[in-house]
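Computed from the coordinates by the stated procedures, all read-outs in this text should not be read as laboratory data. Here the structure is a predicted model, which means the values were calculated and not measured. A quick note on method: Cβ atoms are made from the backbone with ideal geometry, for glycine too, and the neighbour counts reach across all protein chains shown.
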Amino acid sequence: MKKTIPILVAAAAALFILAALILGEPLAGWLEIVLNWAVIVASAALLVAIATLILTHLRNIVRGKRGFIFSIILISTFLVSFIGALVFGVDNSAYLRWVAAIQLPLETSLLGLAALVMTAAALQIFRSRGWSLLTLTFGISALVFLVISLGLLQALNIPVLTTVINYLQRLPMIGARGLLIGIGIGALLMGLRVVLGLERPWGE
Amino acid sequence: MNEIITLDLLAIAIVCLALLSLAIALLTSRKHPYRNLRKNEALLDAEKLMHEAAEKGLRLTIGLGVNQVSSAPAPANLAGLPVLRLMSRRSVFNDQPAQALAGDGALAALGQLIVRGKYQNALATELFKPDFGLLAGATPYAYLAGLLPEVNYRANAGVFLLGSQRPETILAASLAEQKDLPLVAGTDDLSAQAVLLATNARLCLGEDALNAGAALESDPGAAASVRAQDWLRVLAVLGLLAGAVLKLLGVWQ
Amino acid sequence: MILCPHCGKENLPQATRCVHCGEDLEELFRIEGMEDNSALQEEPDISVADLLESFRNDSSPKDEETRSADSTGQAYVSDSGAESNAEMPAEEEEQAPEWLARIRKRAQQEEDAAGELTRKGNSLDAARSEDHRGRVDEEFANWIGRIRENARRENLLMPKPAINSAASEEGVPEWLRKVRELQPEAEDGEQFAEEPAEEPAVEEVEPEEEQGEAAAQDQAQETESVVEQTSPEEILGDTEPAAEAVSELEPEPEAESAGEKAQPADEEDSDSGDAEELPESAAAPQFAPVLEELGLAADGAALELDEKPASSEELSADLLLLRRQKENAQILMNLIGEEGRGIPPAKTQRVSGRGLYRLILGAFLLLVLAAVLVFVPEAKPKQIENPAPAVALKDVLDRLASGDKVLVVLEYQAATSPELEQIAAPVLRELETRGAELQFLTTHPNGLWLADALMRAAEIPTRETAFLAGGRLGVLAAALNSEGNSAVIPAGIEELQKYELILLLEDSQTDIQNWIEQAGPWLSASKLGVLASSQNEALLLPYYDAGQLAGFAAGTLQGRVLAQALDQAPLTSAPSRAFQAGLLVMIAVILLGILSKAEADSSARHSKEPEA
């Protein structure tokens, strides 16, 4: 019974939403309620996860686990941000600027590091994966589109070249469409498995 | 309005077709669900990695990916959970249990549920700690910032990045490469797939990332789903070809 | 052991001649089945005698040669053999059965056969002189005694039934009593399991282990320090004589039930065998070849003759075995206690020099970018043909009139905000110029402060940014909100159908798909426009081609093109030259990677060719 109830709830919710989306008007009000519940539950899950994270780091501090300094930093910044939002409000421009001033450099640095790492990875890709159809096509397509992205060829304004470049720029669509169709089919079947109870992501 | 109705009918037809394919696949492969199944090499390597981690007494780290804040997980977000399930089952009594990190609250809760369930099944609830399934960060870059130290953990035997990963995850992949850690990655994000290809990760491209349960032979439903996917893919190809032919002939505009 | 009928001393069971007096142990020598001696009577005696005489005559020179070459013992053997035969009383010959007489005769005639054993025995006699006789006798006696003692120890090690323990007092087994005598302080805590040991050594390990575990549980604190500080080798290397005696003992039961003993015990025994080889006695070399020939090769571990067994060693053997069990049990307890706690992992060796090329490459890239930013002047943007999706978006923007509602949805991270601001700022400025009513919405918490920065970058008046919770569920709810009263939708946001344009600012595939897949079916295709980072261009093309998007501009290049098309100036902070420089570095790096791989393969091929 303990394992059956979650399956029944998941299946019922999925079937209801499908039916509401298809039938539309008769179930619109109920659909809105169900969606509200889902949003509340998802937000509550985030709160629980944050609480677990805070407790874990508190435990690390109390036990003096290796790296507990970072746990102290995390908890202190969390408390400062949380209390600041409670006191000043999330609409306060000064508060928003202060948060942006911390977050923006951090995330931009990570993205910059990612760019450097990508550069290094581009050097190593052939050494690590060897010569294969995948790596060769990857390398050739990367070179072509990097050159196109420079914009120098487009600036020449040669009609034939522009036509070729437009054609080349549409090529990724073919592969992307194939991948998206595949992912879509996979997601559809996974959703059906959740509805039918064959897939239980919530555990045993 | 007609367009919407047509689209709805088309959607219903596709869903019914998918249901039928799944049912047929389940019935026909009931006895031997994993026979003649197309398996992903990366996930087969994942299983070897689990054995090696157990033998060496090291830990496996799995990143479950990111999701929108306060949103329900999408199917692609759930791609890493079958691997986590198997990994947790095999590492209950290991020296270093598996570590799961998520970039979403719901994913973190699911991950912890799975790990706790495995410990309960093994009658070893006293060994379970909530630390085994953590929220690494509520936003994608916070998730990345929380993932990097865990990848850098000195007793890692390997790293898994399965789920909805962003291109910035290359930082974690590169760190694993620097530490000579085997990396298995699978994501639905096109940019992330391209970026991870440049690393030495064992990659699951496209929908292979969603079929972990079939590759690891831990879920007969997933195996049936893979077969159904293949049939639907064939139908999609036939449909595209038919549409192209019809358009060429001028029947369909 | 058999007793010599002549001198009454003990001899090995396989001996045919007494080592003390040299007499034959004939009456003990039995040949079974010799009653049926018809097969032996194949030839008449005369012919045999003649034959043997002829053999003797033929072999006599050889015998002489061998006698001269052999030791005196062998010569003595032949002589003593003849003497012994001569000394045999005639009475015994008459009384001996016929087959025995025949055998004796053959022994006299055929020295190499039956005489070999006697020769060896006689060689022992010859080797012994009067001077050595006493010492040899004494050492032999000691040797016999030790063998007897080892046998007794084996009997002691065998588990005895509690009933048979004659020395048990008040129902306490003798071994327990001995333990308590030697370890009186542990008497209160010890609770050894008393199990009957009526079975052979197969079950010996199990009750001993159970006893050891029970003892270890009670004496965990006392033996913990010992176990932690000592390793098996240290334990075995203990200088206590009892430990050495036990290590001598252990291979013996192991020899009997080698496949049944526990592995740690085996390893410890092998270590003990290697670590504690005691020197042999001086007379042992004299006995060694004899014993080897007799098939009684002395096992160095089993027959340590230097130490005399004593009663205390019997006691210590039992106790040390128990102590070893206790130590093993304590180790097991420690392992159980550490279960789930996780062993502190050993530090992995860091491979040096691996990250050097990364450092060089990163430094080179930064250097190039910095140099371009500093030294290269910003180029005037050139007029280039707009990509079709950007043109389509421009057309949508051109159709907007004053008062039209435009919903600007911010769904990007702070890291990509510079790029998105470059793309979006001219568009927002254009919309503001046209008089469109802009409303800002975000599904990410980041969007609250990023919207503020965007508005400042676009130089438009700051507006309130609404937060739509629930992610894709919130988007679906917003799309289904036909009456505009949904609790999920924040205040101020109307139904999506009322907006002329929903402009999405995206840097993530998931967010783009959410809007297109969740809200798209309820919106007309002309309502969705996307300004995205360059990495999402490939994803947006299929949706645009399918008519699910009105248009899009992805990347700073298309953003500049769009800005030019809208007659808006791009942001002054847009470093297009630095971007191009970065792209050039990437191109160079990829080419370098291809060339280095080709070069590595070529050199590997050349190195293989000379070997071939």
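Structure summary
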{"read-out": "Centre separation in Å (Cα based) which lies between the range A:91-115 and the range A:161-195", "value": "33"}
{"read-out": "Cα-centred dipole magnitude for the range C:414-478, charges only on beta-carbon of K, R (+1) and D, E (-1), debye, nearest 20", "value": "160"}
{"read-out": "Longest DSSP-loop-exposure-free segment, chymotrypsin sites (Phe, Trp or Tyr not before Pro), chain B, at most 15 other Cβ within 10 Å", "value": "B:94-251"}
{"read-out": "Listed pairs A:Lys2/B:Lys56; B:Lys247/C:Lys394; B:Lys56/C:Lys608 exceeding 31 Å between Cα atoms", "value": "A:Lys2/B:Lys56; B:Lys56/C:Lys608"}
{"read-out": "Centroid-to-centroid separation of the range B:216-253 and the range C:491-557 [C-alpha atoms, Å]", "value": "26"}
{"read-out": "Leading residue at positive end of dipole, the range A:1-90 (Cβ point charges), from A:Ala19, A:Leu53, A:Asn36", "value": "A:Leu53"}
{"read-out": "Partner chain coverage, peptide C:545-556 - average Cβ within 10 angstrom", "value": "1"}
{"read-out": "Within the range C:421-483, trypsin sites (Lys or Arg not before Pro) in DSSP loop having at most 16 other beta-carbon neighbours inside 10 Å", "value": "C:Arg463"}
{"read-out": "Lys, Arg +1 and Asp, Glu -1 on Cβ, resulting dipole of the range A:1-96 about Cα centre, debye, nearest 20", "value": "820"}
{"read-out": "Residue-averaged beta-carbon neighbours from other chains (10 angstrom radius) around C:579-591", "value": "5"}
{"read-out": "Sites matching GluC sites (Glu not before Pro) across the range C:387-460 that sit in DSSP coil, with at most 13 neighbouring C-beta atoms within 10 Å", "value": "C:Glu459"}
{"read-out": "Amide H partners (placed H, <5 Å) of B:Ala157, local residues excluded", "value": "B:Arg59, B:Leu60, B:Thr61"}
{"read-out": "Dipole magnitude of chain A, debye to nearest 20 (Cβ charges: Lys/Arg +1, Asp/Glu -1, about Cα centre)", "value": "800"}
{"read-out": "Virtual spin-label span in nm between C:Val172 and C:Ile360, 7 Å along Cα→Cβ", "value": "7.9"}
{"read-out": "P(r), alpha carbons of the range A:131-194 - 10 Å bins starting at zero, rounded %", "value": "18, 33, 26, 16, 6, 1"}
{"read-out": "Partner chain coverage, peptide B:196-208 - average Cβ within 10 angstrom", "value": "5"}
{"read-out": "Trypsin sites (Lys or Arg not before Pro) restricted to the range A:21-100 and DSSP loop, no more than 14 other C-beta within 10 Å", "value": "A:Lys65, A:Arg66"}
{"read-out": "Interchain or long-range residues, amide H under 5 Å from C:Leu501's placed H", "value": "C:Leu407"}
{"read-out": "For chain B: relative contact order, % (alpha-carbon pairs under 8 angstrom, 6 or more apart)", "value": "23"}
{"read-out": "Neighbour net charge for C:Asn514 - beta-carbon separation under 12 angstrom, K R +1, D E -1", "value": "-3"}
